[in-house]
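*Asks:* The structure that follows is given in the form of structure tokens.
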Amino acid sequence: MFRPLLDSGAETLTIYIDGEAVQARPGETVAAVMLRQSSPITRTTPVHGAPRAPYCMMGVCFECLATVDGIGSTQTCMVPVREGMKIERQHGKRSVA
């Protein structure tokens, strides 16, 4: 559904979403990259398990929460991508362990 506006010749880096290598561009947010995936879901709700995906893209709604480099409940719309970062979709309640 989503794609970059400029698609040719741009520098890319590799991040990992649920262990799968994904190409991203410097300056993009994690949420923007996740919206381009076949499943843009970043988390499921703790009570009912309903899927959620990035919505406001400016840090207000908290729908884009995921685990980024081992830190749970990270607002992915506020985090720029870095080479090699690891993102995991967050299912249910965040683990504090």
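*Asks:* Any idea what the relative contact order of the chain is, in percent, if you count C-alpha pairs under 8 Å spaced at least 6 apart?
*Replies:* 32 percent
*Asks:* In deg cm²/dmol and to the nearest 500, what is the mean residue ellipticity at 222 nm of the chain if only DSSP H runs of at least 4 residues count, each as -39500 (n - 2.57), divided by the residue total?
*Replies:* -1500 deg cm²/dmol
*Asks:* So, counting K/R as plus one and D/E as minus one, what does the shell of residues with Cβ under 12 Å around Gly19 add up to?
*Replies:* Value of the local net charge: -1.
*Asks:* What does the charge count near Lys86 come to, summing +1 for each Lys or Arg and -1 for each Asp or Glu among other residues with Cβ under 13 Å from its Cβ?
*Replies:* -3
*Asks:* Let me make sure I get this right: for segment 32-71, a, b and c are the square roots of the gyration tensor eigenvalues over alpha carbons, sorted descending. Under 1.5 in a/c it's rounded, otherwise prolate if a/b > b/c, else oblate. Which is it?
*Replies:* In terms of gyration-tensor shape, rounded.
*Asks:* Stretch Glu20-Ser39 to full length: gain in nm at 0.36 nm per residue minus the Cα-Cα span?
*Replies:* So the chain would gain 5.6 nm between Glu20 and Ser39.
Here, each number is a calculation from the coordinates, and none is a lab measurement. Since this is a predicted model, take the numbers as computed values, not measurements. Because the Cβ atoms are built from the backbone with ideal geometry, glycine has one as well, and the counts that use them run over all protein chains shown.
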